[in-house]
Structures are given as structure tokens and as C-alpha cells.
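Notes follow the structure.
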Amino acid sequence: MQLATTVSKIIADVQQNGDTAALKYTRQFDYSNIKKLAISRWQLRQAYKKATPQLISALKQAAENITKTQTAYVPKNVQVSPARGISITRKFIPIDTIGIYVPGGLAAYPSSVLMAAIPARLANVKNIILCSPPSKSGQVSPAVLAACYLCNIKNVYAIGGAQAIAAMAYGTQTVPKVNKIVGPGSAVVTEAKRQIFGQVNIDVLAGPSEVVVLADETTNLDWAIADLSADAEHSPDTKAVLVTTYNKLVKLPPNLRQVRCRNLKQAIKYINGAAPEHVLVQTTNATSISVQITQAGTVYVGPYTSKSSGDYATGANHILPTGGLAKSFSGVSINTFGRWVEYQTVTKSGLSSIRQTIKTLAKTEGLPAHVISTNIRFSKDHEKD
């Protein structure tokens, strides 16, 4: 409750006072005394030029795999004629302006830039802006800025937390108002996204991170613990759980948990009930078991599908639903950055064929004007070709 109240106050302040409030909270929470929010294109270019060849190579390979994956997901427009004289075309329309949030804090996340920006570009989004918190020195992570340059994001702002979400939702003197906000974040960012949903759209409530490793007696426990620990280093709030089907307790670091189940059936039921962000299946017959896990943000199948492989380089997206929302929401993809519009065309003969249906349903619902709006088209005085 206290978190929600604090976030609500920040959002209201930014909505009313714009840049002044955003800069105030940047000083308060990021300990950064920056004077302006916008990052120049020159700064983006310099960050890219100064990045190590290894980083640029890694970003490019990750970007290539993301591009290949998301290209395969490109939505297809559909035209259908359910009856003679009736035609419906369903078209994918890109969102005009989107805002990307890239977290800071314990780490820098250039990979999150790629995960959001590349699908948005492939969806033909016109305007992309990005917010990421500055360090105490006032600098946004150079790796994040280099990724922005690689993805041709020109509108980047040094602002984080709830104040960044509010700035994108309502607009400030510097930060443009967007139609949709995407990207993972802390509990504060997630709460801010929850509160502004409806003012603008959001992708998912993504964060803090969650991971479950499903293990049996054949699992390499060192690998499983390494995967859990990899996710746990994101944040102290991360939920990292080893779900096992054997009796003995496994000695785990204090930030990891263990759940013991009688058998795989019970383990799968537990995982589907929790609907975690990431599930790693590291058992015998991992492929056949993994298809039974249907409530998860993403499922990693087999011992060599390391947690970090999906986080960075396979081409799958790592912006995923958390907090059990994988039961209802999907992760970010090209589909996140558009909406569907149906275009309906009815000829005179087509309207005639459904005229009685319209009349019956409209009368049943007590809406006589609906009947008239169809019947008037068959009146001699109003008929048009």
C-alpha cells in the first residue's frame, strides 16, 4: 500500500509539474543532479564509437537473432468473405508513438534496448522514445546508449523510475507523450505502469524477475544453481526457485528457494499454478515434459538452454509477464507494437441477406433505431446505388 501511495504521488507531481518534478525525483532517487533530461544524438554516437569491438559484435549478433525471430512473427493482414456481398479485412496498424523503459540500478541493460526497439522497428512504429536512469555522475549507461544508436533511437532521456513512466504517459516539456510503454523494471516501475494503464497502453507488468528450474535426479545441480543465481543477481526481489522431484534437500545459496514435489505431475501443476516468468526444464525427457507447462512467460527446454542464452542471444524476447500474469499475458513481440482494425464492406445484396437477422436481434435488444438504419437503405426515397 505504501509503494502504491508513493508512486501515485510521483505520477501526479510529474503530470502537473513536468520536467521540474522529473528532475527533482532524479536527484532524490538516483542522486544525480542533472540539469536536462534529453541526451543528444552526438552523445549516442560517441557512446557507440567508444564501445569495445566485443560489445558491438555481441549487440549485432543478438540483434540479428532477434530480427530473424521477430520477422517470422510479422502479422499478416486477412481478408474474409463470410457471406456473398460481405467482406471483412483485418489489418495490423502500427502504434504511432511508443516509449521504452530500460532499467538501471544494479546493472545496465543494453539487451533490453534490442528486445523492445527491434520489434517496434519491424512493426513500423513511427516514433520511438527511450528512458533510462542516470548514474550519480549524470550519465546513462554508455552500453545502453550504444545500443540506442545501433537501433537508431534518436529520442533518449536520462530519467528512471516512476517519474519516467509518468513522463512518457503524460508528456513533459521535454519528454513526448506516448501511446504505449514497454520494458521491464523494478517493483516501483511495475507499480507505475499499473497505475497509468488506461491513460496509455502498456506491454506487461514485467518485474521483478522470476525463474523456476524443474529438476529430477538426472539434473546437473551445479548448472541448475548457476541458472537460478544468474536470475537472482538482477535484484534482491528476484524469485528464484528450484522445483525438484526427489526427496533430499539441495544445499542452496540463501537467496534461492527449493520446492519438493512427490512427482513430475505435481511439479508441473505447481509451476502452472505459479505461472512464473521463466521456467527451465532440466529433466529427463525435457521436450515432452515442457509441452505440459503452458502457464509461463517462456520455457527453456533441455540442459544446454541456459538462462542467459534466452536473456541475451537466442532471439526470443526477455520482456515477459511476472507475478502470475503469464496466465493471461504474453511477452513482448512485434504484435505488441500494433493493433488490429477491421474494415467492413457490405453490398446491397449482402445487406439484404442479413437484414432479417439485424431486425430480429435489434428488436430483441430493444434498439429500434438499429432496424431503421438498415431498412432505410431499402426505401425507394433513400435508395442509392
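The values are calculated or read from the model by the stated rules, or taken from the named source; none is laboratory data. Just so it is clear, the structure is predicted and the values come from calculations on it, not from any experiment. FYI the Cβ positions are ideal-geometry reconstructions off the backbone, even for glycines, and counts take in every protein chain you see.
General remarks:
- Comparison of SER333, SER328, SER353 shows that the only residue that is in contact with a Phe, Trp or Tyr (Cβ under 9 Å, 6 or more places away or on another chain) and of a type in the set (Ser, Thr, Tyr) is SER333.
- Residues that are touching a residue at least 60 places away in the same chain (Cβ under 8 Å) and under 18 Å from ALA226 (Cα atoms) within segment 301-317 comprise PRO303, SER306, LYS307, SER308, ASP311, TYR312, ALA313, listed in sequence order.
This table checks each residue for (1) modelled with pLDDT of 95 or more; (2) surrounded by fewer than 19 Cβ atoms within 10 Å (Cβ to Cβ); (3) more than 14 Å from ALA116 (Cα to Cα).
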| residue | (1), (2), (3) |
| --- | --- |
| SER132 | yes, no, no |
| ALA146 | yes, no, yes |
| ILE153 | yes, no, no |
| MET168 | yes, no, yes |
| VAL175 | yes, no, yes |
| ASN179 | yes, yes, yes |
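- Every condition in (1) in a helix (DSSP H, G or I); (2) over 21 Å from ILE319 (Cα atoms) is met by PRO254 except one, and the failing one is (1).
- Segment 217-240, subset modelled with pLDDT of 95 or more and of a type in the set (Asp, Glu), residue surrounded by the fewest Cβ atoms within 10 Å (Cβ to Cβ): ASP222
- Of the strands (runs of 3 or more DSSP E) that lie entirely inside segment 268-348, those containing 3 or more residues that are in contact with a helix residue (DSSP H, G or I) (Cβ under 8 Å, 6 or more places away or on another chain) span 278-282, 298-301.
Conditions (1) in contact with a Phe, Trp or Tyr (Cβ under 6 Å, 6 or more places away or on another chain); (2) of a type in the set (Lys, Arg); (3) free of Cβ contacts under 8 Å to residues at least 60 places away in the same chain; (4) not assigned by TED's automatic domain parsing to the domain that holds ALA58, marked per residue:
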| residue | (1), (2), (3), (4) |
| --- | --- |
| ASP96 | no, no, no, no |
| TYR101 | no, no, no, no |
| LEU106 | no, no, no, no |
| PRO110 | no, no, yes, no |
| ILE118 | no, no, yes, no |
| LEU122 | no, no, no, no |
| VAL125 | yes, no, no, no |
| PRO142 | no, no, no, no |
| ALA166 | no, no, no, no |
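- Test result for SER112, polar (S, T, N, Q), within 26 Å of SER57 (Cβ to Cβ), within 17 Å of the chain's Cα centre (by Cα) and not in a strand (DSSP E or B): yes
- Single residue of segment 187-233 satisfying the filter (assigned to a helix (DSSP H, G or I) and hydroxyl-bearing (Ser, Thr, Tyr)) that is nearest to LYS269 (Cα to Cα): SER229
- Filtering segment 208-223 to residues that are more than 22 Å from ARG262 (Cβ to Cβ), under 22 Å from the mean Cα position of the chain (by Cα) and of a type outside the set (Gly, Ala, Ser) leaves PRO208, GLU210, VAL211.
- Verdict on VAL74 being more than 28 Å from GLU233 (Cα to Cα), in contact with a strand residue (DSSP E or B) (Cβ under 8 Å, 6 or more places away or on another chain) and assigned to a loop (DSSP other than H, G, I, E, B): no
- Flag: LEU228 matches the condition of being more than 24 Å from ILE39 (Cα to Cα) and either more than 21 Å from the chain's Cα centre (by Cα) or outside the structural domain of SER290 (by TED's automatic domain parsing) (or both).
- Among the residues of segment 13-62, those that are in a helix (DSSP H, G or I), surrounded by fewer than 15 Cβ atoms within 10 Å (Cβ to Cβ) and in contact (Cβ under 8 Å) with a residue 12 or more places away in the chain comprise ARG41, ARG45, LYS50, LYS60, GLN61.
- Residue among GLN282, GLN195 that alone is crowded, with 18+ Cβ neighbours inside 10 Å, in contact (Cβ under 8 Å) with a residue 12 or more places away in the chain, under 30 Å from PHE29 (Cα atoms) and not β-branched (Val, Ile, Thr): GLN195
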